[in-house]
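For reference, the structure is listed below as structure tokens.
All of the numbers you see were taken from the coordinates with simple rules; none came from a lab. Given the structure is predicted, the values throughout are model-derived calculations rather than measurements. Glycine also receives a Cβ, built like all others from the backbone with ideal geometry; neighbour counts cover every protein chain displayed.
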Amino acid sequence: MSRRLFVSVDLPDELADDVAQLQERFEDASGLNFTDPEQAHVTLKFLGDVADDRVGAVEDAVSEAVDDADIEPFTARYEGLGVFPSMEYISVLWLGVAEGGDELTRLHEAIEDRTTAMGFDPEDHEFTPHVTLARMEHAGGKELVQRGVREWDAAVGETTVEDVRLTESELTSEGPVYSTVDRFPL
């Protein structure tokens, strides 16, 4: 058996309503499939399917990576909008990280080093700390998304990041359901 895992920094529950309000501004954009604001997070590393007998080694690697990064708890401020891969071809609408991005990048790099040494695939793009708000299934609402990214003020709030999590993603017909496998304090 295996588990679908990723490493994340989760937004606290108190920011979920602000994330939901931001998503509502895009509700008329045809083609957007919104993420659950209660599950908002910054993915530091997507691992994919991990065999059950390797989960302990992954936990050890993430713990060592967090130690390697040597970061104290820090403030992360979530604001600004962006898209991947480009404004012309939008597949993901995201909320940016205005403060705390350097710390998140250092955590990502340390986790990337440890997990690729274990045989996990390296990232094929530069790391950009972000919270996925929606995935674009088709371009029907592209103009509204483009206008929102260019013109709208999108400040969700800030929080103190105190840990990194190993998270399991269970795919269901209602969308993914996330559960914390382990926490690694900063």
Hey, can you grab everything whose amide H is under 5 Å from the amide H of Leu47? Only 5+ residues off in sequence or another chain; H modelled, so Pro and N-termini drop out. Leu5, Phe6, Val7
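Mind listing which GluC sites (Glu not before Pro) in the range 1-31 are in a DSSP loop and have 12 or fewer other Cβ atoms within 10 Å?
Taking the range 1-31 and a limit of 12 other Cβ atoms within 10 Å, the loop GluC sites (Glu not before Pro) found are Glu27.
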Along each of the three principal axes of the Cα atoms of the range 60-176, give the extent in whole Å, ordering the values from largest to smallest. 44, 30, 27
Subtracting the Cα-Cα distance from 0.36 nm times the residue separation, let me have the gained length for Phe46 to Glu158 in nm, one decimal. 37.9 nm
Pair Phe74, Asp17: separation of 7 Å Cα→Cβ label points (nm): 2.9 nm
Each residue of the range 170-182 in turn: what ³J(HN,Hα) in whole Hz from Karplus with 6.51, -1.76, 1.60 and θ = phi - 60°, glycine and Pro shown as x? 9, 7, 10, 5, 8, x, x, 10, 9, 9, 7, 8, 7
Given H placed 1.01 Å from N in the peptide plane, which residues other than close sequence neighbours of Asp163 have an amide H under 5 Å from its amide H? Leu186
What ³J(HN,Hα) values, in whole Hz, does the Karplus curve 6.51 cos²θ - 1.76 cosθ + 1.60 give for the range 9-25 when θ = phi - 60°, with x put for Gly and Pro? 10, 8, 6, x, 3, 5, 9, 4, 5, 5, 5, 4, 5, 5, 4, 4, 5
The distance between the Cα centres of the range 6-71 and the range 112-186, in whole Å, is 5 Å
Could you check the simple spin-label distance between His138 and Ala117, using points 7 Å along Cα→Cβ, in nm with one decimal? 4.8 nm
Computed label-point distance, nm, for sites Ser30 and Glu59 using a 7 Å Cα→Cβ extension: 4.9 nm
Tabulate in residue order the Karplus-calculated ³J(HN,Hα) for the range 51-58, using 6.51 cos²θ - 1.76 cosθ + 1.60 with θ = phi - 60°, rounded to whole Hz; enter x for Gly and Pro. 4, 3, 6, 9, 4, x, 5, 5
Using alpha carbons only, how many degrees (0 to 90, rounded to 10) separate the axis of helix 101-117 from the longest principal axis of the chain? 50 degrees
Using amide H atoms built 1.01 Å from N in the peptide plane, name the residues 5+ places from Gly157, or on other chains, whose amide H lies under 5 Å from its own. Tyr78
I'd like to know which of Ile90, Gly175, Leu104 lies farthest towards the positive end of the charge dipole of the chain, counting +1 on Cβ of Lys and Arg and -1 on Cβ of Asp and Glu. Ile90
Positive end of the dipole of the range 64-182, charges at C-beta (+1 Lys, Arg; -1 Asp, Glu), about the Cα centre: which of Gln146, Ala117, Leu81 has its Cα farthest in that direction? Gln146
Net +/- balance of residues flanking Met1 in space, Cβ distance below 14 Å, scoring K and R +1, D and E -1: -2
